[in-house]
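Step one of this worksheet: look at the structure below.
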Amino acid sequence: MNTDHLSRIDLNLLVILQVLLEEESVTRAAIRLHLSQSALSKSLNRLRCSLEDPLFTRTAYGLKPTAHALQLKQQLPSLLQSLHQLTLAPSFDPASSERHFSISMVESAYATLLPDYIGPLLQQAPHIRLDTFGWAENSMQGLQQGKLDFAITGRDLTDDSRLKVDGLPEGVACATLFVDRQICLVRENHPVLALVEQDLWTLESYLAQNHVQVRCEGKEWWALDYFLAAQNKQRNIISTLPDFYGAASVCAYSDLVFTLPSSFVAHAQKIYPLKQIPLPFDFAPMAYVLLWHERNNDEPGHQWIRELICNSVSKAQQM
């Protein structure tokens, strides 16, 4: 595109050309445009100079378009419509929009949160496309670079949490969807169930067990492990898996203890015969959060989806 040449063209002249092509009369075109015939003739001369074509010849029946003007007549309506759209304030109509959005989610959020909002979203915006990706180490970078529209992840709300507002990567904004706590799952008839009944389920007995862990963002340790390390304590993690359902399966068929967000427990128990027991010591809660880039704060489509996700999750948590 030759922007230097384009900058020398008065785009208002294209509107005048469109009306002249429709009316094929300077008099009628001047009336429609609320211009004098003299002013319109001057604009036509400017068009001829800019486009290097006479555009019209005078006949007894009015103006006759040249071959080049007839080509322009086919292209101008869609071009002017596009220019008109550019001048409109941003808007978003969920019912008719066919836009594409992308979201990256931690694996536990698929079962925990996606059912809360996907139904209302697709009911109200049936033609949009929502591409969902697993949470990865580069998801934050994807938000910053505009490769992702949204992300949902979980963060432990410890004092050194990386999800403090002032600690987010530059330009990334967040909203808390809901706060959860850590809990433990064990298989049926696991020996620790007797300890719980006897009120002997303590930090020491927890650390005496073998554990299964989910690898998050490529990391072997969770905030819980750093919390324990600060006290010179450590879990004996026997198996580390890439997903929550896999860890639940290992837990169901072994003596390994699975520590996880409580909101995922019901999903695991629908598939595997697992028992829920409390974490036997105080530990900071965790939060599921929705992330986006600040460049989209006021973009209507982004704003609509953010509000729908937040409202749908909040409504589901209250049920």
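Any read-out appearing in this document is the output of simple, stated calculations on the displayed coordinates, not a laboratory observation. Just so you know, these numbers come straight off a predicted model, no measurement behind them. FYI the Cβ positions are ideal-geometry reconstructions off the backbone, even for glycines, and counts take in every protein chain you see.
At a glance:
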quantity: The chain - charge dipole about Cα centre, Lys and Arg +1 at Cβ, Asp and Glu -1, debye rounded to 20; calculated: 1340 debye
quantity: In nm, spacing of pseudo-spin labels at Gln37 and Ala266 (7 Å Cα→C-beta vector); calculated: 7.9 nm
quantity: Placed amide H near Trp135: partners under 5 Å, 5+ positions off or other chain; calculated: Met105, Val106, Glu107
quantity: Estimated FRET transfer efficiency when R0 is 41 angstrom, pair Ala60-Ser82 (beta carbons, to 0.05); calculated: 0.65
quantity: Cross-link reach list, aspartates and glutamates versus Lys73, counting only Cα pairs under 15 Å and skipping chain neighbours closer than eight places; calculated: Glu22, Glu23, Glu24, Asp53
quantity: Separation of the Gln141 and Asn45 label points, Cα + 7 Å toward Cβ, nm; calculated: 6.1 nm
quantity: Sequence ranges 116-128, 240-252, ranked by mean other-Cβ count within 10 angstrom, highest first; calculated: 240-252, 116-128
quantity: Residue among Asn311, Asn45, Ala252 farthest towards the positive dipole end of the chain, charges placed on Cβ; calculated: Asn45
quantity: Spacing of the two label points (7 Å from each Cα toward its C-beta) at Ala316 and Arg28, in nm; calculated: 6.0 nm
quantity: Reachable lysines, given that their alpha-carbon falls under 19 Å from the alpha-carbon of Lys147 and they are not under 8 places away in the same chain; calculated: none
quantity: The chain - convex hull of alpha carbons, volume per residue in Å³; calculated: 188 Å³
quantity: Within a Gaussian network of the chain (alpha carbon springs, distance under 10 Å), most fluctuating of Lys233, Lys42, Lys219; calculated: Lys42
quantity: Gained length - Lys233 relative to Phe133, 0.36 nm times residue gap less alpha-carbon distance; calculated: 32.5 nm
quantity: The chain - mean residue ellipticity at 222 nm from DSSP helices (-39,500 (n - 2.57) per run, n ≥ 4, rounded to 500); calculated: -12500 deg cm²/dmol
